Amino acid sequence: MVKAVKKIKWKDEVVGWLFILPVVLGVLIFTATPLVYAFIESFFETPLREFSFTEWGTFVGLKNYYRNFTTYAYSSRFWQSLKVTAVYAVINVPLQLALSFLLALLLNREMRGMKFIRALFYLPVLIPPVCSGILWNQLTDVNYGVMNSILTAIGIEGWGWFNEASSSMPSLIFIGLFNLGGSMILWLAQLKNIPKSLYESARIDGANKFVQVVKITVPMCAPMIIYNLVMSIIATLQTYDLVATLVNMGGVQNSMLFYVVNIYQYRVGQFGYSCALSFILFFITAALSLVVMRFSKNAYYGEEG
Amino acid sequence: MQAQITMPSRGQKKRQPKEIAARAAKKTGVYVVLLALACFFLFPFFIMVCLSLLTDADVFQQVVFSPSGTIEIGNYLSIFTSGSKYLGYLGNTLIVAVILAVGVPFVSSLCAFGFAKLKFHGRDAVYAIVLATLMIPGVITLIPLYAIYAKFGWLNTLTPLWLPSLFGGGATNIFLMRQFMRGIPNDLLDAAKIDGAHIFRVYFTIALPLCVPIMLYVGYMSFVGAWNNFIGPMTYIDAGSKFSTLALGMYNDYGPVNDTSYANSAMAAGVVMTIPCVALFVFFQKYLIEGVAVTGLKG
């Protein structure tokens, strides 16, 4: 009896693997192969060209990794791109989280037309990033962009938008505000999961709205906050579409030189180096995600017990 | 008569109007705030449509509405003239987006069924690896895949934009599908198996119909993902190729690389590219909220 149970049922095995075959092949061909290939090439100096088993370029050891710290031409761009990405992440991610949470609190009530209003707030998220980038690129043009004529009309003059290094980042963060609806929808879904009874007992105990939010809503949303934080950080580190369509080549004085924009600009001429940059990004992403998850372990696992 | 009825309840009545007034004031306040916010969130749409209706001369005046009151629809007409570049972009994008919208839900549900409802060796290890691929920044594989696609002869074709996605449909979609399928009672599947149905038949006739909501969600997300995909075409398709997609074509024609583009024609193209996204959202809204509920459950 025991033997019969332990015996592998070959038919089940084959059927099971057949079902997941597409993703197994997909991961092998389109993820593992390029990953290994990129890792090997990150130790070579080579332009981007057709894959070949025999030709890898010139072996340079760890040069592609340490030239970020030693050679000015590379290090200046590397650190600038890290700085731009980090500043954007540190300001934008918490700002978006907090504002979208407030929006969700505001919209999480029973009122006439609320569904319509929620959809309305979500609408800008539906604009394709490329359109959004081109829209703001056109609007903020110095010569015939309409944004500054609108600002002049309400008394603000001479905002540099993406034509000056100092105003580029604030402008990008401002543009991001139109996409708050995306995370707002996630918050709303989460808020619905909080049992109403918690608020009722709090009300009976005399807790006001603010205390209810701080003591009930925020802790109940903690797993979601962490999840959102990790996903937003990962997404922010990979910012590309919006910036590429918004400004040309990393913007004025490289003020919009995001990390991936930098990788992308090296890809054709210095493929090996761009692979090394990609792996550095990978390690940064992994390290950050681990730190956030470790830092908030209790909050994250609190629900599962 | 009226006085008689209202008099006894004067004590309550005195408080009630105040309460009602306070509540009404609060309600009005909320609506005012919501209205202001709605104006803010509608601004990109509003300005996009306004600019797309300007004449070339008006664009240089830095105005939102034409001072002469003319509404120029020529920007739209030139998009839909037969043989226009834009129609070519639209066709390419539609091919990719439709293939993915149909193929990805099917493929990812197949894999998810294997992960959720079948028992075999190595299942959990493979699933862990699939989920781990979510941690990999896209750019790491994006660029080396250029070299591999060059070997396959896929550069400057639409193939790299859809074929790889049909291998599993992406980790996120498999994850969503698996979460959803775990909710299907095993008894239901076992009953069919006992009746002698082949497991693929069980998947196709019992599991799949139950997964329609999540399949619609995944299909919608795949369509919009393909529609918006920019870095993919940008990497694998040259500027000016007849296989340009909308995102790539818009970038090359109206983006920051092209200083001579006009805001009005750029915005008309933008409006045309945005409309299908909005229309689909309105159409599938119910399922999207359901999908978001699943996504929001657990990371």
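Since every read-out is calculated from the coordinates, none of them should be taken as a lab result. Small disclaimer: the values here were computed from a predicted structure and weren't measured. A quick note on method: Cβ atoms are made from the backbone with ideal geometry, for glycine too, and the neighbour counts reach across all protein chains shown.
First select every other residue whose beta carbon is under 15 angstrom from the beta carbon of B:Ser109; then total the charges, Lys and Arg +1, Asp and Glu -1.
Working: positive: B:Lys117, B:Arg178, B:Arg182, B:Arg201; negative: none.
Charge balance near B:Ser109 sits at +4.
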Point-charge dipole on Cβ atoms (K/R +1, D/E -1) for the protein assembly as shown, about Cα centre, debye to 20: 2580
Sites excluded, trypsin sites (Lys or Arg not before Pro) in DSSP loops with at most 13 other C-beta within 10 Å, longest stretch of chain B: B:1-118
Residue-averaged [θ]222 nm for chain A, counting only DSSP H segments that reach four residues, each worth -39500 (n - 2.57): -20000 deg cm²/dmol
Convex hull of Cα atoms in the stretch A:76-145, direction-averaged projection (nm²): 7.3
Selected from A:Ser149, A:Leu103, A:Ile284, residue furthest toward positive end of dipole (the stretch A:72-301; charges at beta carbon): A:Leu103
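Using unit Cβ charges (K, R positive; D, E negative) and no other charged atoms, how large, in debye to the nearest 20, is the dipole of chain B about its Cα centre?
Working: 20 positive and 12 negative charges, 342 e Å.
It works out to roughly 1640 debye.
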Shape metrics for the stretch B:61-150, restricted to C-alpha atoms - Rg then Dmax, Å: 23.3, 73
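Could you pull out every whole DSSP H run in chain B that spans at least 18 Å of Cα extent along its own axis and averages -1.0 or higher on the Kyte-Doolittle scale? Could you put the intermediate results ahead of the total?
Working: long enough: B:10-52 (61 Å, 0.61); B:85-117 (47 Å, 1.45); B:138-152 (20 Å, 1.50); B:212-228 (24 Å, 1.12); B:263-297 (42 Å, 1.44).
For chain B, where a helix must reach 18 Å along its axis and average at least -1.0, the hits are B:10-52, B:85-117, B:138-152, B:212-228, B:263-297.
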Top positive-direction residue, dipole computed over chain A with Cβ charges, set A:Gly272, A:Leu188, A:Ile134: A:Leu188
Exposure proxy ranking, count of Cβ atoms within 10 Å, fewest first, for B:Thr133, B:Thr81, B:Thr159: B:Thr81, B:Thr159, B:Thr133
Three principal axis lengths of the stretch A:184-305 [C-alpha, angstrom, descending]: 68, 31, 21
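Can you tell me the dipole magnitude for chain A around its Cα centre, using point charges on the Cβ only (Lys, Arg +1; Asp, Glu -1), in Debye to the nearest 20?
Details: 22 positive and 15 negative charges, 222 e Å.
Dipole of chain A, to the nearest 20 debye: 1060 debye.
How large, in Å, is the stretch A:72-301 by the Kirkwood hydrodynamic radius built from its alpha-carbon pairs? Could you put the intermediate results ahead of the total?
Numbers: mean 1/r = 0.0500 Å⁻¹.
That comes to 20.0 Å for the stretch A:72-301.
Only loop residues by DSSP count here, and only those with at most 13 other Cβ atoms within 10 Å; note down the trypsin sites (Lys or Arg not before Pro) in the stretch A:59-165 that meet that.
On the way: sites: A:Lys63, A:Arg67, A:Arg77, A:Lys83, A:Arg109, A:Arg112, A:Lys115, A:Arg118; in loops: A:Arg109, A:Arg112.
Answer in residue order: A:Arg109, A:Arg112.
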Top of B:Phe113, B:Phe40, B:Phe167 by mean-square fluctuation, Gaussian network on chain B, Cα under 10 Å: B:Phe40
Rg/Rg_ref, the stretch B:82-297, where Rg_ref = 2.2 N^0.38 Å and atoms are Cα: 1.17
Over 16 Å [Cα-Cα, the stretch A:24-80], rounded percent: 56
Selection from B:Pro67, B:Ser84, B:Phe200, by position along the positive dipole direction of the protein assembly as shown (Cβ): B:Phe200
Per-residue Cβ neighbour rank within 10 angstrom, fewest leading, B:Cys111, A:Cys221, A:Cys275: A:Cys221, B:Cys111, A:Cys275
Whole-Å distance, taken between Cα centres, linking the stretch B:81-125 and the stretch A:249-285: 29
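Two decimals is fine: what's Rg over Rh for the protein assembly as shown, C-alpha atoms, Kirkwood radius as Rh?
On the way: Rg = 27.2 Å, Rh = 27.0 Å.
Computed over Cα atoms, the ratio is 1.01.
When a footprinting reagent is the concern and you count Cβ atoms within 10 Å, what order do A:Ser201, A:Ser278 take, fewest first? Show your work: numbers first, answer last.
On the way: A:Ser201 12, A:Ser278 26.
Lowest count first: A:Ser201, A:Ser278.
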Mean Kyte hydropathy of -1.0 or more with a Cα span along the axis of at least 20 Å, helices from DSSP in chain A: A:10-26, A:72-107, A:222-237, A:271-295
Residue of A:Met111, A:Met184, A:Met231 that the Gaussian network model of chain A assigns the largest fluctuation, springs spanning Cα pairs under 10 Å: A:Met111
